[in-house]
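*Asks:* For reference, the structure I am asking about is given below.
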Amino acid sequence: MDYVYGPGRNHLFVPGPVNIPEPVLRAMNRNNEDYRSPAVPVLTKILLEDVKKIFKTTSGTPFLIPTTGTGAWESALTNTLSPGDRIVSFLIGQFSLLWIDQQQRLKFDVDVIESEWGQGANLDVLASKLASDIGHTIKAICIVHNETATGVTNNLATVRKLLDKLSHPALLLVDGVSSICALDFRMDEWGVDVALTGSQKALSLPTGMGIICASPKALEASKTAKSVRVFFDWNDYLKFYKLGTYWPYTPSIQLLYGLRAALDLIFEEGLDNVIARHGRLGKATRLAVEAWGLTNCTQKEEWYSDTVTAVVVPPSIDSAEIVRRAWKRYNLSLGLGLNKVAGKVFRIGHLGNLNELQLLGCLSGVEMILKDVGYPVKLGSGVAAAAAYLQNTIPLIPSRI
């Protein structure tokens with residue numbers, strides 16, 4: 001029984017956790033198993049190979065850690081760096097802010113490049129810092145690929161080009177929590193040293209699995225990194241990889257089977273098709289926002305996110321009331337504005353196992369809520385703009401051709 005029942009299904013449009021598809025729910029509906037039995041290592045071995053595909057890497061080493069994205073952050077940092085190491089990190093929203101807070105509490109020397117919320121990472125400042133770092137004191141660049149609080153996507157390829165142009169050896173550590181499996185991500189091509197994501201985002205699983213992929217360069221750095229780590233130590237995993245048993249401690253059996261089903265769905269659709277679908281969902285949402293006469297928190301088109309749209313409301317409206325009204329009256333869950341943009345924006349998440357008609361339902365709900373709170377929206381305007389675009393761009397479902 002739901003804690004607070006509402007008829008029908010909850011329309012979950014926060015930018016994570018997201019809707020879990022039925023095949024994944026069915027795959028997880030199973031009893032516990034002995035993870036030391038012959039079956040679980042066989043399952044794990046195949047999962048590790050297939051997880052590399054969502055990062056687009058052939059050389060990376062993946063780790064499936066029972067944690068959240070926050071734990072994955074800590075694993076990435078403590079396995080590759082030592083206390084006192086200088087790192088450059090970009091502050092562009094709430095989640096990059098939280099990662100920076102973690103970096104500072106782990107006693108790294110954090111050189112923060114701050115941008116206005118709604119802007120992307122300032123790569124001109126990064127270029128200047130790298131060019132002046134003759135002694136290569138910068139050991140890592142930490143960047144959030146997709147800042148969920150503001151709907152901003154950063155250009156990782158440009159970061160790699162800057163590092164290569166200056167022959168700078170700094171590691172490139174990337175938070176791909178709300179991007180991997182939804183936005184274009186190329187670990188090998190972009191020279192990403194550590195990439196990470198969380199199970200509850202585009203993979204459309206429950207929260208509880210941090211998925212990390214480390215380059216050979218990152219694994220080499222882990223041999224000399226002096227940060228204290230125990231639960232997140234890659235070396236413990238690597239020892240068990242060599243033994244063929246894979247797990248230094250008990251994994252979630254249900255999440256492993258769920259991951260298997262989630263990857264199967266992604267591969268059946270085709271990862272590039274998944275990314276294209278998210279492109280359509282993002283574009284349709286932005287067209288709806290424009291038709292409503294509202295603005296996107298993201299200030300330039302080059303930074304637009306295809307997994308979340310942060311919508312700026314007029315000063316006379318509290319965006320938190322939009323979120324409250326959505327849940328209380330329409331059984332629709334939208335994302336709150338966080339920290340600096342609290343009360344100023346609400347967020348529409350459009351990522352994971354989600355199709356175009358589901359999105360149109362959300363947009364129609366948002367229109368009614370805007371009317372409820374006194375915003376002079378024309379009902380149907382945003383839905384019509386989104387539908388007109390989608391009707392011309394949705395391809396046939398490949399398995400049904």
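The values are calculated or read from the model by the stated rules, or taken from the named source; none is laboratory data. Everything numeric here is computed off the predicted structure, so don't read it as measured data. Every residue, glycine among them, receives a Cβ derived from its backbone with ideal geometry; neighbour counts consider all protein chains shown. Remember, those area values only see protein heavy atoms, side chains included, never the ligands or the DNA or RNA. Shrake-Rupley method; radii C 1.70, N 1.55, O 1.52, S 1.80 Å.
*Asks:* Condition first: open to solvent by less than 30 Å² (accessible area, probe 1.4 Å) and either of a type in the set (D, E, K, R) or not assigned by TED's automatic domain parsing to the domain that holds ASP306 (or both). Now tell me which residues in the range 272-282 satisfy that.
*Replies:* ARG277
*Asks:* Give me the pairs: first residue in the range 95-114 and closer than 17 Å to GLY151 by Cα, second residue aromatic (Phe, Trp, Tyr) and not in a helix (DSSP H, G or I), beta-carbon distance under 9 Å, and six or more apart or on different chains, which are they?
*Replies:* SER96/PHE90; GLU114/PHE90
*Asks:* Filter the range 148-188 for residues that are within 19 Å of THR58 (Cα to Cα), part of a loop (DSSP other than H, G, I, E, B) and β-branched (Val, Ile, Thr) and give the result.
*Replies:* ILE180
*Asks:* Determine the pairs where a residue that is within 19 Å of PHE231 (Cα to Cα), located within the range 249-262, has a partner that is of a type in the set (Gly, Ala, Ser) and surrounded by fewer than 20 Cβ atoms within 10 Å (Cβ to Cβ) with Cβ atoms under 9 Å apart, the partner being 6 or more residues away or on another chain.
*Replies:* If the second residue must be of a type in the set (Gly, Ala, Ser) and surrounded by fewer than 20 Cβ atoms within 10 Å (Cβ to Cβ), the pairs left are SER252/GLY208; LEU255/GLY208.
*Asks:* Same structure again: Looking at the range 90-104, which of the residues that are outside any helix (DSSP H, G or I) and open to solvent by less than 10 Å² (accessible area, probe 1.4 Å) is farthest from LEU156 (Cα to Cα)?
*Replies:* GLY93
*Asks:* For residues in the range 29-47 being over 22 Å from the mean Cα position of the chain (by Cα) and part of a helix (DSSP H, G or I), which is surrounded by the most Cβ atoms within 10 Å (Cβ to Cβ)? Give the derivation first.
*Replies:* Initial filter on the range 29-47 (over 22 Å from the mean Cα position of the chain (by Cα)): 29-46.
Of the ones still in play, those that are also part of a helix (DSSP H, G or I) are 39-46.
Working: ALA39: 12, VAL40: 19, PRO41: 18, VAL42: 12, LEU43: 18, THR44: 22, LYS45: 13, ILE46: 12.
The qualifying residue surrounded by the most Cβ atoms within 10 Å (Cβ to Cβ) is THR44.
*Asks:* Any chance the range 125-132 includes a residue that's closer than 28 Å to THR309 by Cα and either open to solvent by 10 Å² or more (accessible area, probe 1.4 Å) or in contact (Cβ under 8 Å) with a residue 12 or more places away in the chain (or both)?
*Replies:* Yes: one or more hits.
*Asks:* Only one of (1) outside any helix (DSSP H, G or I); (2) open to solvent by 50 Å² or more (accessible area, probe 1.4 Å) fails for ILE143. Which number is that?
*Replies:* Among (1) outside any helix (DSSP H, G or I); (2) open to solvent by 50 Å² or more (accessible area, probe 1.4 Å), ILE143 violates only (2).
*Asks:* Also, quick follow-up: For GLY365, are the conditions met, namely being surrounded by fewer than 23 Cβ atoms within 10 Å (Cβ to Cβ), touching a helix residue (DSSP H, G or I) at 6+ places or on another chain (Cβ under 8 Å), modelled with pLDDT of 95 or more and not hydrophobic (A, V, I, L, M, F, W, C)?
*Replies:* yes
*Asks:* Does PHE231 meet the test of being open to solvent by less than 50 Å² (accessible area, probe 1.4 Å) and either in a loop (DSSP other than H, G, I, E, B) or touching a strand residue (DSSP E or B) at 6+ places or on another chain (Cβ under 9 Å) (or both)?
*Replies:* When the stated conditions are applied, PHE231 does not pass them.
*Asks:* Restricting to the range 344-357, name every residue that is surrounded by fewer than 17 Cβ atoms within 10 Å (Cβ to Cβ) and assigned to a helix (DSSP H, G or I).
*Replies:* Correct list: LEU357 only.
*Asks:* For the range 389-401, which residues satisfy the criterion of being in contact (Cβ under 8 Å) with a residue 24 or more places away in the chain, open to solvent by 30 Å² or more (accessible area, probe 1.4 Å), more than 30 Å from SER316 (Cβ to Cβ) and in a helix (DSSP H, G or I)?
*Replies:* Once the filter is applied, which keeps residues that are in contact (Cβ under 8 Å) with a residue 24 or more places away in the chain, open to solvent by 30 Å² or more (accessible area, probe 1.4 Å), more than 30 Å from SER316 (Cβ to Cβ) and in a helix (DSSP H, G or I), the range 389-401 yields PRO398, SER399.
*Asks:* Now a separate question. Identify, from the list TRP327, TRP303, the residue that is open to solvent by 20 Å² or more (accessible area, probe 1.4 Å), closer than 25 Å to ALA121 by Cβ and not aliphatic (A, V, I, L, M).
*Replies:* TRP303 is the lone residue from the list that is open to solvent by 20 Å² or more (accessible area, probe 1.4 Å), closer than 25 Å to ALA121 by Cβ and not aliphatic (A, V, I, L, M).
*Asks:* Can you say whether LYS378 is among the charged types (D, E, K, R), on the phi < 0 side of the Ramachandran plot, modelled with pLDDT of 95 or more and in a helix (DSSP H, G or I), as far as the supplied structure shows?
*Replies:* no
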